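The values are calculated or read from the model by the stated rules, or taken from the named source; none is laboratory data. Keep in mind it's a predicted model, so treat the numbers as computed, not measured. FYI the Cβ positions are ideal-geometry reconstructions off the backbone, even for glycines, and counts take in every protein chain you see.
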Amino acid sequence: MTDRQLLIGGEWVETGEWIDVRSPYDGDLVGRVAQAGGEETRRALDAAERAMREPLPAHERAAILDRVAAALADRQDDVARTICAEAGKPMKAAWVEASRAVSTYTMAAVEARKLAGDVVPMDASPAGAGKLGFTLRIPIGIVAAISPFNFPLNLVAHKIAPALAAGCAVVLKPASQTPLSALLLAELETEAGLPPGWLNVVCGPAAEIGDVLVEDERVKLITFTGSVPVGWKLRERAPRKRVNLELGNATPVIVAADADLDDAAARLAASAFSFAGQSCISVQRIYIEHGVYDAFLERFLPLVEELEVGDPADEDTDVGPLISESDRDRVRAWIQEALQQGAEVLAGGDLEGELLRPTVIANAPPDAKVSCEEVFGPVCTVTPFDSLDEAIALANGTRFGLQAGVFTRDVKTALRAARELEFGGVTVNEAPTFRADQMPYGGVKDSGNTREGPAYAVREMTEERVVVLQL
Ligand code: NAP
């Protein structure tokens, strides 16, 4: 059991009130965190404002980021166990998340070192002749970061590491279900020599803390990863801030008749159910060309049945619990709804103990929730298609647009899908659940309005200032 305090202005702070963090697997108390409210959030903003009055040079910011990367690598096991305990993420996936956070910090350190403006070719127009022009990249100001439960370490890293690279102080509000990984990361940042006020962490009631972050004019950018309604509402409420949204998806993938079916089946069986489908790019809708529909399922279904369902702390487990009982019940209700609408369960659909088994559904109508909403559970649909036109239309037939994928050996099919799938990213011969941390990652349509990945986030977190010199 770990008790963790808030981090405000370099001090670890208690408030007298605590939030219990419980294992989603067995309900055991994993730890407690001090609970903040509006008052602590304002103090955190004061501390961030003070910190930014004394900018840190790029080489110091980069060195701190490198030291955090090294500390994460050293403590990977400890970090992974924290993720597993509070999020119920199987250890296999928790280790991957912990090692990805090392990459995120390493890439952010690179960005800190190369952050620079451009030279403007002033004499390219008559108006500019005789002048020298260049741009500076200025930190945008205080960044408010709000993160979700499902990647409690690496999605926090994707906010706080680029912010430091850009020279911005941060007030972070992690998800209430999973604040321990974020506070562990904050500890590593302070041990790495981050001066007081550059990172402040407040945990507590989302609406109360969110209101302060939205209303305080010192916050210049809100970076939010989470659900669609909360994200777009925040943006609506803060029209004068930059509000960067990384939201949900109902991830489609197309399997063409010429695909390597063994490879596609293996990759998709792993990526539809990892962390019980609670990834924003978990494979949810698989469209398979008619001629290979049965052949694909012959390969795919046994792999799904083989997935180990159980205790996330067990190193053999592939699929653990959903984050809460109410989420498990919601996903079960969506499965039932699809069945009532004529769908058929090909695998899973029921519980193993308290855990929902990986579930594959055929014949789900396009308007069933499992077909068009984000399930965020261990469920995928399989649907045959006749032509690439039809497959692309089906994949695009959603309000989401984060990532999509295609399996094919034909480069023309791959490039057509890449052009016509209306998503922020398209993977070819890889599940659309794939992400490397230096990639530009983000969505279109309801899925968001920005790209993360340190190089892209740093651009968002800085303003371009043009300097013109009369020669
Ligand atoms: P969520 O319920 O929207 O919560 C996300 C964060 O927002 C939490 O810290 C939450 O705090 C906070 N929050 C809730 N209401 C708020 C308000 N009124 N003002 C300010 N903050 C507020 O999402 P979730 O269930 O944790 O995460 C799942 C969602 O995230 C899925 O839709 C998933 O697709 C999406 N996601 C997207 C990406 C991406 O990169 N595109 C990555 C991962 C997840 P509390 O915890 O205290 O409620």
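Can you list the strands (runs of 3 or more DSSP E) lying wholly within segment 1-87 that have 2 or more residues being touching a residue at least 60 places away in the same chain (Cβ under 8 Å)? Give the derivation first.
On the way: elements: 2-4, 6-8, 11-13, 18-22, 29-34.
Counting at least 2 such residues, we get 2-4, 6-8, 18-22, 29-34.
Of everything in segment 110-148, what is of a type in the set (D, E, K, R) and over 30 Å from Val68 (Cβ atoms)? Give them in sequence order.
Taking segment 110-148 and keeping what is of a type in the set (D, E, K, R), we get 111, 113-114, 118, 123, 131, 137.
Answer for segment 110-148, where residues must be of a type in the set (D, E, K, R) and over 30 Å from Val68 (Cβ atoms): Asp123, Lys131.
Evaluate segment 276-296: report whether one residue or more is of a type outside the set (Gly, Ala, Ser), at pLDDT 95 or above and farther than 23 Å from Leu388 by Cα.
For segment 276-296, residues of a type outside the set (Gly, Ala, Ser), at pLDDT 95 or above and farther than 23 Å from Leu388 by Cα: present.
Conditions (1) surrounded by fewer than 18 Cβ atoms within 10 Å (Cβ to Cβ); (2) under 15 Å from Thr41 (Cβ atoms); (3) more than 9 Å from the ligand (Cβ to nearest atom); (4) not aliphatic (A, V, I, L, M), marked per residue:
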{"site": "Glu187", "(1), (2), (3), (4)": "yes, no, yes, yes"}
{"site": "Pro229", "(1), (2), (3), (4)": "yes, no, no, yes"}
{"site": "Trp232", "(1), (2), (3), (4)": "yes, no, yes, yes"}
{"site": "Thr251", "(1), (2), (3), (4)": "no, no, yes, yes"}
{"site": "Asp260", "(1), (2), (3), (4)": "yes, no, yes, yes"}
From the options Gly38, Gly10, Gly31, residue that is at pLDDT 95 or above, of a type outside the set (A, V, I, L, M, F, W, C) and more than 22 Å from Glu208 (Cβ to Cβ): Gly10
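Can Ala457 be described as crowded, with 24+ Cβ neighbours inside 10 Å, closer than 20 Å to Ser103 by Cα and within 14 Å of the chain's Cα centre (by Cα)?
Working: crowded, with 24+ Cβ neighbours inside 10 Å: yes; closer than 20 Å to Ser103 by Cα: yes; within 14 Å of the chain's Cα centre (by Cα): yes.
Judged against the criteria, Ala457 is a match.
Yes or no: Val283 buried (at least 24 other Cβ atoms within 10 Å of the Cβ), closer than 22 Å to Pro148 by Cα and over 18 Å from the mean Cα position of the chain (by Cα)?
no
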Any hit, segment 102-118, residues being of a type outside the set (A, V, I, L, M), part of a loop (DSSP other than H, G, I, E, B) and surrounded by 17 or more Cβ atoms within 10 Å (Cβ to Cβ): no
Tally of residues being surrounded by fewer than 20 Cβ atoms within 10 Å (Cβ to Cβ) and closer than 16 Å to Ile160 by Cα across segment 199-227: 1
Candidates Ala80, Ala101, Ala34, Ala85, filtered to the one that is under 29 Å from Glu460 (Cα atoms) and of a type outside the set (S, T, N, Q): Ala101
Residue, nearest to Val283 (Cα to Cα), within segment 234-248, restricted to residues that are within 9 Å of the ligand (Cβ to nearest atom) and among the aliphatic types (A, V, I, L, M): Leu247
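Taking into account only those residues within segment 416-454 that are part of a helix (DSSP H, G or I) and within 19 Å of the chain's Cα centre (by Cα), which is surrounded by the fewest Cβ atoms within 10 Å (Cβ to Cβ)?
For segment 416-454, the residue satisfying everything is Lys445.
Checking the conditions here, which among Ala145, Ala161 is crowded, with 19+ Cβ neighbours inside 10 Å and either among the basic types (Lys, Arg) or within 18 Å of Val219 (Cβ to Cβ) (or both)?
On the way: Ala161 fails: either among the basic types (Lys, Arg) or within 18 Å of Val219 (Cβ to Cβ) (or both).
Matching residue, one of Ala145, Ala161: Ala145.
Starting from residues that are β-branched (Val, Ile, Thr) and part of a helix (DSSP H, G or I), keep the ones in segment 144-185 and report whichever is farthest from the ligand (Cβ to nearest atom). Give the steps one after another, and end with the answer.
Taking segment 144-185 as the starting set, the residues that turn out to be β-branched (Val, Ile, Thr) are 146, 156, 160, 170-171, 178.
Okay, now just the ones that are also part of a helix (DSSP H, G or I), so 156, 160.
Details: Val156: 10, Ile160: 14 Å.
Per the stated criteria, the residue is Ile160.
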Test result for Thr223, within 27 Å of Val102 (Cα to Cα), assigned to a loop (DSSP other than H, G, I, E, B) and within 13 Å of the ligand (Cβ to nearest atom): no
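Of all helices (runs of 4 or more DSSP H) completely enclosed by segment 302-402, which ones contain at least 3 residues that are over 25 Å from the mean Cα position of the chain (by Cα) and under 24 Å from Lys92 (Cα atoms)?
Working: elements: 325-340, 369-372, 388-396.
Counting at least 3 such residues, we get no helices (runs of 4 or more DSSP H) at all.
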Members of segment 262-279 that are buried (at least 24 other Cβ atoms within 10 Å of the Cβ) and of a type outside the set (S, T, N, Q): Ala264, Ala265, Leu268, Ala269, Ala272, Phe273, Phe275, Ala276, Gly277
